[in-house]
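Engineer: Take this structure, written in structure tokens, and hold onto it; I'll ask about it next.
The values are calculated or read from the model by the stated rules, or taken from the named source; none is laboratory data. Just so we're clear, the structure is a prediction, and the values are computed from it rather than from any experiment. Neighbour counts run over all protein chains shown; Cβ positions are idealised from the backbone, glycine included.
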Amino acid sequence: MTTPAHPLENILRTERFPHIWCPTCGIGTAVTAFVAGLEKSGIPKRDVCIVSGIGCSGRIAGYIRLDSFHTTHGRAIPFATGLKLGNPKLRVVVFSGDGDLFAIGGNHFIHAARRNIDLTVICVNNFNYAMTGGQLGPTTPLGAKATTVPYGNYDQPFNLPHLADACGAVYVARWTTLHVRRLARSLGEALQKRGFSFVEVICPCSTLYARRNRLGTGLDLMRFYHRNSVIRHGADTRQVDIEFQKPIVVGRFVDRERTTYLDAYNQHMQTVWGDRFNPYGEIGAESPVEDQDKAAEAG
Amino acid sequence: MERADPAGVLTGAHFIDGDIACAEGALAAGCRFFAGYPITPSTEVAERIAARFPKVGGLFIQMEDELASMAAILGAAWAGSKSMTVTSGPGFSLMMENIGLGLMTETPCVVVDVQRGGPSTGLPTLPGQGDMMQARWGSHGDYEIIALCPNSPQECFDLTIEAFNLSEQYRLPVLLMMDECVGHMTERVVIGEAERIRISPRRYYDGPPGSYHPFRPQSDLVPEMARAGEGHNFHVTGLTHDERGYPDVTWQTQEKCVRRLVDKIRRNADRIIQCESDDLEEAEVVVVSYGITSRVALPAVSQAREAGCRVGQLRLITVWPFPDRLIRELASRVKAFVVPEINYGQISLEVERCAAGAARTLLVPHGGGWVHDPEQILRAIEEAAA
Amino acid sequence: MALATDPKGSTGARGGKRFWRRPFDAETIHVPRGEIHLLEERCKGCAFCVEYCPTSVLEMSGEFNLKGYHPPLARQPDKCVHCQLCETICPEFAIFVTLKNGDCSEQGGA
Amino acid sequence: MLTQIRFSGFGGQGIIRSGHISGKAAALFDGNHATMTQSFGPEARGSACSSQLLVSDAPVLFPYLTRADILVAMSQEACVKYGPQLRDGGFLLYDKDLVKDPHHEDSRLQAFSVSATRIAEELGNRIVANVVMLGFFTAVTGVISAEAMKKALPGSVPERALKMNLEAFEQGHQFGLQQLEEAKPGADPTGPVRGVEAPEE
């Protein structure tokens with residue numbers, strides 16, 4: 001009997017294996033959960049694009065066999081914004097790390113959430129800049145060590161779900177790589193959600209974060225999640241800060257409706273011009289709105 | 001070549017400034033996605049686009065900054081749109097990183113820099129030509145770029161279309177290097193019938209899904225594009241990559257990848273470069289200029305001729321790639337080049353490089369905030385001829 | 001899902017006693033059987049699969065793969081209920097489960 | 001032949017628009033070349049404001065005004081600021097009520113004035129004062145034809161205010177023709193533009 005192929009063989013670029021992630025790193029698990037969520041969502045894979053920034057998680061785009069874009073550090077969200085608005089039929093997923101999305105890319109995150117661009121942003125949070133050797137990141141818990149805070153971190157980190165919530169994200173969830181099935185379900189929900197959805201995935205980084213903080217291996221971190229995760233759906237996101245080696249509140253925190261950027265644009269223009277306006281992204285480029293350019297010309 | 005979509009073409013004679021002409025050029029070229037951030041003196045382009053796009057099925061988005069604007073137009077290009085952003089010096093600096101991504105991923109789009117005086121915030125409302133070397137070398141790493149310099153509102157229209165066409169033909173971000181003077185100067189701009197405006201269509205791959213290689217070159221070294229969402233499952237990265245777009249960080253792949261980025265422009269340079277010249281055959285002195293300075297130089301050239309100098313004039317419409325060969329050839333038979341520019345020596349260095357000692361190069365610098373007094377240029381011509 | 005609770009508790013992944021009482025419908029439930037497949041050379045020996053297999057099918061092997069890691073070994077393959085947790089949690093895409101020959105059940109649960 | 005014109009006043013008076021309408025008339029309807037530039041300051045309203053228009057039968061090369069042949073001043077401040085740039089024999093056109101002291105006894109200038117703002121108010125909206133001035137400017141200087149100016153108005157002023165603007169233009173124009181008659185008996189307003197008769201330097 002021949003061994004059957006791995007079920008993800010077709011959606012992973014296995015010709016690029018072995019992948020770059022360290023032993024007991026959880027990014028691969030997050031990828032599997034994402035694919036499971038994608039399958040559950042029923043969205044045709046052809047419509048799905050993955051955009052990543054830079055870092056360990058930035059490499060995710062390169063391993064998933066969808067149209068995928070590995071962009072510059074911090075700019076995955078604006079690139080994805082252009083991709084989505086360039087062709088609104090696409091389902092655009094930003095899959096990147098905490099440093100990429102929230103330090104160098106933080107401004108883009110808050111604005112995309114504010115505008116409610118129809119994107120799914122998945123943040124793999126491993127609490128440090130791993131690819132570059134374990135420096136302080138915007139999510140490094142107070143007291144944790146990193147190469148650039150060798151005596152422990154004193155620099156207040158972000159509470160990511162609270163940030164996403166405050167900026168207007170319509171769907172906010174947090175899981176760890178241990179909660180694979182719930183994570184997959186959440187990712188499926190996020191993909192189906194119209195608007196800016198955000199899922200934080202707490203992920204073990206054994207080589208750098210765990211080692212530098214003497215937390216053992218990635219398996220030890222998984223055991224830590226096992227013992228210390230508290231599922232609290234609908235939790236007030238102000239209460240879900242992560243403290244160093246303290247319990248982690250996980251769950252689906254926000255699920256609400258809000259008009260997306262493009263819907264707001266189309267609705268507004270229809271209010272202004274009525275039927276003469278062809279909604280963007282729904283019909284071709286022709287639009288019969290009367291020319292008012294002579295007046296504009298003098299402007 | 002295709003014909004322009006009449007929906008975007010404002011056929012007729014207009015009295016408009018360079019910024020508005022640039023916006024109309026983009027519309028005529030088929031640009032239907034614009035991401036930008038307001039910055040003087042380029043804002044009027046964005047404003048015009050914002051007013052016009054909803055009527056032609058385009059989408060304008062004001063982003064949070066220029067980093068985002070540049071990233072967004074790259075994304076939109078891969079979604080199938082013709083896309084553009086517009087900025088000035090400080091924003092141009094912020095765009096550099098993702099201009100590099102556009103070059104590495106060979107993404108067609110247009111970036112307009114309406115130059116003002118710098119460095120830093122400098123002179124927001126006054127002209128400069130100090131970004132010319134930044135246009136060439138501003139993003140890190142090695143590459144070739146295309147940059148065009150209009151000297152009138154009419155050319156702001158024409159060259160914006162040309163910039164889009166070149167971006168499609170050579171699959172890269174093309175820079176339109178305007179300046180505040182040209183951007184804010186109002187003149188007659190004639191926009192022809194749509195069917196007379198030639199548009200280079202995107203060169204799409206039409207093979208079966210799964211077989212597309214985003215970086216496999218055609219005979220002119222330019223690879224074909226694909227749109228996201230058509231089942232090709234392609235990968236695009238800013239890392240050094242092979243023809244499939246897969247990262248491969250080795251010197252061998254770097255050599256192949258970057259050499260082609262450079263060669264696709266260098267080997268096609270003769271087809272890309274446009275210059276305007278006058279009386280080069282008999283010239284002893286050649287005035288080399290670009291953008292607004294090329295207009296300001298003309299009265300000086302006329303006066304010098306009246307005074308008996310044999311002066312030729314060479315206007316660079318395409319500044320990058322630089323017309324190396326032409327300058328080298330001229331250097332072998334003229335006494336000197338006079339290069340007026342609104343900076344302290346950028347393109348003059350290129351002229352000097354190509355002249356390689358065979359002819360003198362006289363820079364006529366200007367710090368920015370105004371254009372040259374033609375008198376300054378005249379004096380330099382006289383000095384060069386002496 | 002039981003994984004977020006105390007592993008020493010009654011529903012933990014380890015420990016003998018799985019339920020505090022026998023479910024009423026236990027007779028009617030068909031427990032599927034799975035067959036575990038390992039792409040040994042992908043494995044980096046993280047042991048996630050061994051740790052979280054709810055029926056303790058797996059253990060770490062003493063053997064090395066080509067990269068020098070200890071892959072898992074299906075010590076008690078007959079206990080596999082095709083829950084696919086190992087497949088889902090494996091960060092290396094190295095282990096997966098198919099339904100055992102002749103078993104046509106839908107995917108099991110965990 | 002190049003004529004250099006400066007329209008000036010304070011922000012909000014339609015100074016830029018005056019330059020725009022005149023340039024449009026010259027470039028699109030008179031078959032001349034016209035280049036308009038404007039000074040930009042950080043203020044939106046109330047500051048000194050000016051637009052420069054170069055009109056020529058040959059392409060305009062140097063884009064900026066170097067020395068004014070014609071200064072249109074809609075405020076005292078503008079008149080004081082830009083008056084010295086007028087060449088000898090140049091035209092100074094000003095709003096009689098807003099420019100109290102035009103220094104036009106200076107015999108080197110040809111000065112003409114009109115109550116542009118007052119006429120505009122009588123027409124119902126002071127916003128058209130600049131168009132009254134444009135009619136006046138057209139009549140007195142003859143650089144741009146009245147027909148071209150009237151063709152340039154549609155599209156450059158709001159559609160609903162076109163009638164009032166045409167009326168404003170007409171009144172300014174008529175008043176200009178009268179002034180010209182009074183100032184220079186026997187002068188032919190359709191003759192060569194005196195503003196550009198002086199040899200170019």
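Engineer: For D:LEU177, work out the one condition from (1) in contact with a Ser or Thr (Cβ under 9 Å, 6 or more places away or on another chain); (2) outside any loop (DSSP other than H, G, I, E, B) it doesn't fulfil.
Structural biologist: (1)
Engineer: Checking B:THR121 against (1) within 14 Å of another protein chain (Cβ to nearest Cβ); (2) in contact with a strand residue (DSSP E or B) (Cβ under 8 Å, 6 or more places away or on another chain); (3) of a type in the set (Ser, Thr, Tyr), which test does it fail?
Structural biologist: Result: B:THR121 fails condition (2) only.
Engineer: Being in contact (Cβ under 8 Å) with a residue 40 or more places away in the chain, within 25 Å of B:GLN169 (Cβ to Cβ), outside any helix (DSSP H, G or I) and among the basic types (Lys, Arg), is that true of even one residue in segment B:1-13?
Structural biologist: Yes, segment B:1-13 contains a residue that is in contact (Cβ under 8 Å) with a residue 40 or more places away in the chain, within 25 Å of B:GLN169 (Cβ to Cβ), outside any helix (DSSP H, G or I) and among the basic types (Lys, Arg).
Engineer: Mind checking which residues of segment B:47-76 are more than 7 Å from chain A (Cβ to nearest Cβ), of a type in the set (Gly, Ala, Ser) and crowded, with 24+ Cβ neighbours inside 10 Å?
Structural biologist: Residues satisfying the conditions are B:GLY58, B:SER69.
Engineer: Exactly one of (1) on the phi > 0 side of the Ramachandran plot; (2) modelled with pLDDT under 95; (3) of a type in the set (Gly, Ala, Ser); (4) not in a helix (DSSP H, G or I) is unmet by A:ALA285. Its number?
Structural biologist: Only one criterion is unmet by A:ALA285, namely (1).
Engineer: Any chance you could count how many residues in segment A:59-73 are within 8 Å of chain B (Cβ to nearest Cβ), more than 15 Å from the chain's Cα centre (by Cα) and not acidic (Asp, Glu)?
Structural biologist: Number satisfying all stated conditions: 4.
Engineer: Is it the case that segment B:206-213 has a residue that's within 13 Å of chain A (Cβ to nearest Cβ) and not small (Gly, Ala, Ser)? Break it down into steps so the answer makes sense when it comes.
Structural biologist: Within segment B:206-213, the subset within 13 Å of chain A (Cβ to nearest Cβ) is B:209-210, B:212.
Next cut, not small (Gly, Ala, Ser) only: B:209, B:212.
Taking every residue of segment B:206-213 in turn, at least one turns out to be within 13 Å of chain A (Cβ to nearest Cβ) and not small (Gly, Ala, Ser).
Engineer: Moving on to the next point. Exactly one condition in (1) part of a helix (DSSP H, G or I); (2) surrounded by fewer than 24 Cβ atoms within 10 Å (Cβ to Cβ); (3) hydrophobic (A, V, I, L, M, F, W, C) is not met by A:VAL249; state its number.
Structural biologist: Every condition holds for A:VAL249 apart from (1).
Engineer: Still on this structure, I have one more. Quickly run through segment A:174-190 and pick out the residues that are surrounded by 24 or more Cβ atoms within 10 Å (Cβ to Cβ), under 16 Å from A:GLY26 (Cβ atoms) and aliphatic (A, V, I, L, M). Working first, answer last.
Structural biologist: Taking segment A:174-190 and keeping what is surrounded by 24 or more Cβ atoms within 10 Å (Cβ to Cβ), we get A:174-180, A:183, A:186-187, A:190.
Restricting the remaining residues to those that are under 16 Å from A:GLY26 (Cβ atoms) gives A:174-180, A:183, A:186-187.
Within segment A:174-190, A:LEU178, A:VAL180, A:LEU183, A:LEU187 meet the criteria.
Engineer: Take the residues of segment A:203-244 that are more than 21 Å from A:GLY133 (Cα to Cα) and in contact with a helix residue (DSSP H, G or I) (Cβ under 6 Å, 6 or more places away or on another chain): which is nearest to the other protein chains (Cβ to nearest Cβ)?
Structural biologist: The extreme case among them is A:VAL240.
Engineer: Shifting gears a bit: Give the number of residues within segment A:101-118 that are touching a Ser or Thr at 6+ places or on another chain (Cβ under 7 Å) and away from chain B (no Cβ under 11 Å).
Structural biologist: If we filter segment A:101-118 for residues that are touching a Ser or Thr at 6+ places or on another chain (Cβ under 7 Å), which is where we start, we get A:102, A:112, A:116-118.
Subset that is away from chain B (no Cβ under 11 Å): A:102, A:116, A:118.
Number of matching residues: 3.
Engineer: If B:ARG295 passes every condition in (1) surrounded by fewer than 24 Cβ atoms within 10 Å (Cβ to Cβ); (2) without any contact (Cβ under 8 Å) to a residue 40 or more places away in the chain but one, which one does it miss?
Structural biologist: B:ARG295 satisfies every listed condition except (2).
Engineer: Among the residues that make up segment A:74-87, is at least one of them under 15 Å from the mean Cα position of the chain (by Cα) and surrounded by fewer than 24 Cβ atoms within 10 Å (Cβ to Cβ)?
Structural biologist: Taking every residue of segment A:74-87 in turn, none turns out to be under 15 Å from the mean Cα position of the chain (by Cα) and surrounded by fewer than 24 Cβ atoms within 10 Å (Cβ to Cβ).
Engineer: Right, something else. Among the residues of segment B:186-198, is there at least one that is within 13 Å of another protein chain (Cβ to nearest Cβ), part of a loop (DSSP other than H, G, I, E, B) and not charged (D, E, K, R)?
Structural biologist: Taking every residue of segment B:186-198 in turn, none turns out to be within 13 Å of another protein chain (Cβ to nearest Cβ), part of a loop (DSSP other than H, G, I, E, B) and not charged (D, E, K, R).
Engineer: So which residues in segment A:169-202 are of a type in the set (A, V, I, L, M), away from chain C (no Cβ under 14 Å) and in contact with a Cys (Cβ under 8 Å, 6 or more places away or on another chain), if there are any at all?
Structural biologist: Result: A:VAL199, single match.
Engineer: Output the number of residues of segment B:14-40 satisfying the condition of being among the acidic types (Asp, Glu) and assigned to a strand (DSSP E or B).
Structural biologist: The total comes to 1.
Engineer: If only one of A:PRO279, A:PRO247 is within 14 Å of chain B (Cβ to nearest Cβ) and either in contact (Cβ under 8 Å) with a residue 12 or more places away in the chain or closer than 22 Å to A:GLY26 by Cα (or both), which one is it? Give the steps one after another, and end with the answer.
Structural biologist: Details: A:PRO247 fails: within 14 Å of chain B (Cβ to nearest Cβ).
The conditions single out A:PRO279.
Engineer: Evaluate the following for A:ALA112: is it modelled with pLDDT of 95 or more, part of a helix (DSSP H, G or I), within 16 Å of B:GLU64 (Cα to Cα) and out of contact with any Cys (no Cβ under 8 Å at 6 or more places or on another chain)? Show your work before the answer.
Structural biologist: On the way: modelled with pLDDT of 95 or more: yes; part of a helix (DSSP H, G or I): yes; within 16 Å of B:GLU64 (Cα to Cα): yes; out of contact with any Cys (no Cβ under 8 Å at 6 or more places or on another chain): yes.
Against the criterion (modelled with pLDDT of 95 or more, part of a helix (DSSP H, G or I), within 16 Å of B:GLU64 (Cα to Cα) and out of contact with any Cys (no Cβ under 8 Å at 6 or more places or on another chain)), A:ALA112 qualifies.
Engineer: Select, from B:SER219, B:SER200, the only residue that is polar (S, T, N, Q), in contact (Cβ under 8 Å) with a residue 24 or more places away in the chain and on the phi < 0 side of the Ramachandran plot. Lay out the reasoning, then the answer.
Structural biologist: Working: B:SER219 fails: in contact (Cβ under 8 Å) with a residue 24 or more places away in the chain.
Answer to the selection: B:SER200.
Engineer: Out of all the residues in segment A:77-100, which are more than 8 Å from chain B (Cβ to nearest Cβ), over 14 Å from A:SER197 (Cβ atoms) and not in a loop (DSSP other than H, G, I, E, B)?
Structural biologist: A:SER96, A:GLY97, A:ASP98, A:GLY99, A:ASP100
Engineer: Considering only segment A:88-109, state which residues are under 19 Å from A:ASP263 (Cα atoms) and surrounded by fewer than 24 Cβ atoms within 10 Å (Cβ to Cβ).
Structural biologist: A:PRO88, A:LYS89, A:ARG91
Engineer: Looking at (1) free of Cβ contacts under 8 Å to residues at least 24 places away in the same chain; (2) buried (at least 24 other Cβ atoms within 10 Å of the Cβ), which is the one condition that is false for A:TYR154?
Structural biologist: (2)
Engineer: Separate question: Just a yes or no: is a residue in segment A:40-54 more than 9 Å from chain B (Cβ to nearest Cβ), surrounded by 22 or more Cβ atoms within 10 Å (Cβ to Cβ) and in a loop (DSSP other than H, G, I, E, B)?
Structural biologist: Yes, some residue in segment A:40-54 is more than 9 Å from chain B (Cβ to nearest Cβ), surrounded by 22 or more Cβ atoms within 10 Å (Cβ to Cβ) and in a loop (DSSP other than H, G, I, E, B).
Engineer: Now a separate question. Among the residues of segment D:19-34, write down those that are of a type outside the set (Gly, Ala, Ser) and not in a helix (DSSP H, G or I). Lay out the reasoning, then the answer.
Structural biologist: First, pick out the residues of segment D:19-34 that are of a type outside the set (Gly, Ala, Ser): D:20-21, D:24, D:28-30, D:32-33.
Selection gives D:ASP30, D:ASN32, D:HIS33.
Engineer: Hey, another quick one. Name the residues in segment B:237-294 that are among the small types (Gly, Ala, Ser) and in contact with a strand residue (DSSP E or B) (Cβ under 6 Å, 6 or more places away or on another chain), would you? Steps first, answer last, please.
Structural biologist: Our first condition is that a residue be among the small types (Gly, Ala, Ser); within segment B:237-294, this holds for B:238, B:245, B:269, B:277, B:283, B:289, B:291, B:294.
Hits for segment B:237-294 are B:GLY245, B:SER277, B:ALA283, B:SER289, B:GLY291, B:SER294.
Engineer: Has segment B:353-375 got at least one residue that is in a strand (DSSP E or B), touching a residue at least 12 places away in the same chain (Cβ under 8 Å) and within 14 Å of chain D (Cβ to nearest Cβ)?
Structural biologist: No, the conditions are met nowhere in segment B:353-375.
Engineer: Just checking, how many residues over segment A:223-234 are over 20 Å from the mean Cα position of the chain (by Cα) and of a type in the set (Gly, Ala, Ser)?
Structural biologist: Residues flagged as over 20 Å from the mean Cα position of the chain (by Cα) and of a type in the set (Gly, Ala, Ser) within segment A:223-234 amount to 1.
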